[in-house]
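The structure under discussion appears below in the form of structure tokens.
FYI, it's all coordinate maths here, none of it is from the lab. All values derive from a computational prediction rather than experimental measurement. No Cβ is skipped: glycine too gets one built from the backbone with ideal geometry, and neighbour counts run over all protein chains shown.
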Amino acid sequence: MSGGSKALLALGIAVLVVIGGAGVYLALSKNTGTAKVSMYVKDLPATWSSVNVTFSSVEIHQSGAGNQSGWHTLPITNQTIDLSSLVNVSALLASGNVQAGNYTQIRLVVSSVVGVMANGTIVNFKVPSGELKTTHPFQLVAGSTTVFTVDIDLAHSIVQTANGWTFTPVLGSITQS
């Protein structure tokens with residue numbers, strides 16, 4: 001083998017090693033580090049002037065983790081949001097950095113709801129479950145921001161019973177971008 005052929009062979013091997021190393025780095029780096037998650041809420045108005053929902057927690061659950069250890073709490077940006085004011089717009093509820101990877105659930109915890117009817121009557125809602133959760137699997141990629149918009153269906157969340165008004169959050173839709 002001539003000197004030129006040896007140099008060309010060595011160069012080819014070096015290129016393959018660099019490409020292979022870059023491939024391994026890219027494959028391994030996809031699920032390491034942190035990714036940003038932003039959670040928005042929105043809804044169309046019903047027969048209410050305002051429906052102020054106070055959230056106490058926004059959490060996401062990491063795939064393959066235990067029921068207690070797999071939950072990641074996002075810092076709440078706006079704790080109380082008037083859902084009736086969110087016509088074709090959304091309001092940031094929570095946003096924060098979490099470990100990149102696969103996730104299986106989103107949980108919004110509601111602590112209280114106060115509404116004002118169109119006639120001015122103030123209603124303190126009972127909130128039986130206090131949770132809106134979905135098993136919507138998603139992946140968070142390191143170095144990226146994933147945005148969710150959760151549509152809470154007011155028409156189905158607000159129920160009048162013989163014992164008063166109840167707010168049981170019903171998910172209208174969830175979009176991810």
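For segment 49-65, backbone phi angles converted through the Karplus equation (6.51, -1.76, 1.60; θ = phi - 60°) give residue-by-residue couplings of 6, 8, 9, 8, 9, 9, 9, 9, 6, 10, 9, 10, 10, 7, 4, x, 8 Hz, Gly and Pro being listed as x. This model, with +1 at the C-beta of Lys and Arg and -1 at the C-beta of Asp and Glu, gives segment 34-176 a dipole about its Cα centre of some 160 debye. Taken one residue at a time, the phi angles of segment 145-152 give Karplus couplings (6.51, -1.76, 1.60, θ = phi - 60°) of 10, 10, 10, 10, 10, 9, 9, 8 Hz. Gly and Pro are set to x.
Less than 5 angstrom separates the built amide H of Gly33 from those of Ala100, all sequence-distant by 5 or more or on a different chain.
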